[in-house]
Ligand SMILES: Nc1ncnc2c1ncn2[C@@H]1O[C@H](COP(=O)(O)OP(=O)(O)OP(=O)(O)O)[C@@H](O)[C@H]1O
Ligand SMILES: [Mg+2]
């Protein structure tokens, strides 16, 4: 599979007069798991906000399945098949787990490659991925632990059958055992061929799960490459990611 799902080129983004991204470029092929790494405040969230149209870029381009999307609204981008799980999750507190999931169910975007019926995310497949969600099916969103909320947020995003799933701070603030569950989910997503862009700070874990990595340093790409190269150079990630 050589299809490029997303190609970000020379992305430059500012908040008012304060420029934050100075030319971010990376691309993700179908079925690949790609990470954005870097210390706090380096521009990771801004990068995914720009991809999703939440903070428009000032220059550069974002190509999704070959088409430019950097001028489109978040709603439109969502319907094209990109799903973002933002920092802070934002699930519906007054809907049950099941309702949260069903409210988002979609057969997949009408653009791009059709999602094969046996590859579609359904309630059953989400429950198989996160058995905890099945146990909590009738609980309201606001009765869930932080970890369960994150599982629900991921499950809900998958229910839209996106071509690209973006997770900002996949395991931020979660207990160690719950983090393991989220990483195990990422592993299963990768095995299932889901294209994913993930932000998380646990480089050692991500090296074992993801395919390629982009290290962001003050709004620029400091390094980019596959897991094997990153794994072979701990000094590199200690310098830019800090552990
Ligand atoms: N809404 C905003 N208005 C102004 N500046 C902002 C805004 N959001 C972020 N910034 C600034 O942009 C820079 C990049 O922030 P961003 O949130 O993209 O970093 P990050 O890499 O995601 O960091 P973290 O690891 O803390 O989530 C920071 O200097 C931050 O203070
Ligand atoms: Mg962030």
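Things to note:
- Subset of the range 203-242 (residues that are touching a helix residue (DSSP H, G or I) at 6+ places or on another chain (Cβ under 7 Å), surrounded by fewer than 20 Cβ atoms within 10 Å (Cβ to Cβ) and assigned to a loop (DSSP other than H, G, I, E, B)): 211
- Apart from one condition, residue 75 fits all of (1) farther than 26 Å from residue 185 by Cβ; (2) in a loop (DSSP other than H, G, I, E, B); the exception is (2).
- Residues in the range 80-109 that are more than 16 Å from the chain's Cα centre (by Cα) and either under 30 Å from residue 59 (Cβ atoms) or within 16 Å of ligand 1 (Cβ to nearest atom) (or both): 109 alone.
- Failed criterion for residue 91 (all others in (1) part of a loop (DSSP other than H, G, I, E, B); (2) out of contact with any helix residue (DSSP H, G or I) (no Cβ under 8 Å at 6 or more places or on another chain); (3) crowded, with 19+ Cβ neighbours inside 10 Å hold): (2)
- Some residue of the range 14-36 being more than 14 Å from ligand 1 (Cβ to nearest atom), surrounded by 17 or more Cβ atoms within 10 Å (Cβ to Cβ) and more than 25 Å from residue 227 (Cα to Cα): no
- Search result, residues across the range 43-57 that are surrounded by 16 or more Cβ atoms within 10 Å (Cβ to Cβ), within 16 Å of ligand 2 (Cβ to nearest atom) and closer than 25 Å to residue 189 by Cβ: 43, 44, 45, 46, 47, 48, 49, 50, 51, 52
- Hey, residue 111 touching a helix residue (DSSP H, G or I) at 6+ places or on another chain (Cβ under 9 Å), at pLDDT below 95 and either surrounded by fewer than 19 Cβ atoms within 10 Å (Cβ to Cβ) or at positive phi (or both) or not: yes
- Test: residue 157 is touching a strand residue (DSSP E or B) at 6+ places or on another chain (Cβ under 9 Å) and within 16 Å of ligand 1 (Cβ to nearest atom): no
- Selection count where residues are out of contact with any strand residue (DSSP E or B) (no Cβ under 9 Å at 6 or more places or on another chain), part of a strand (DSSP E or B) and within 13 Å of ligand 2 (Cβ to nearest atom), scope the range 16-42: 0
- The set of residues from the range 187-199 being part of a helix (DSSP H, G or I) and either within 16 Å of ligand 2 (Cβ to nearest atom) or in contact (Cβ under 8 Å) with a residue 40 or more places away in the chain (or both) comprises 188, 189, 190.
- Considered as a group, the residues in the range 58-68 that are surrounded by fewer than 19 Cβ atoms within 10 Å (Cβ to Cβ) and not in a strand (DSSP E or B) include one that is nearest to ligand 2 (Cβ to nearest atom), and that residue is 58.
The values are calculated or read from the model by the stated rules, or taken from the named source; none is laboratory data. These numbers were taken from a predicted model, which means no experiment stands behind them. With ideal geometry, Cβ positions are generated from the backbone for all residues, glycine too; neighbour counts draw on all protein chains shown.
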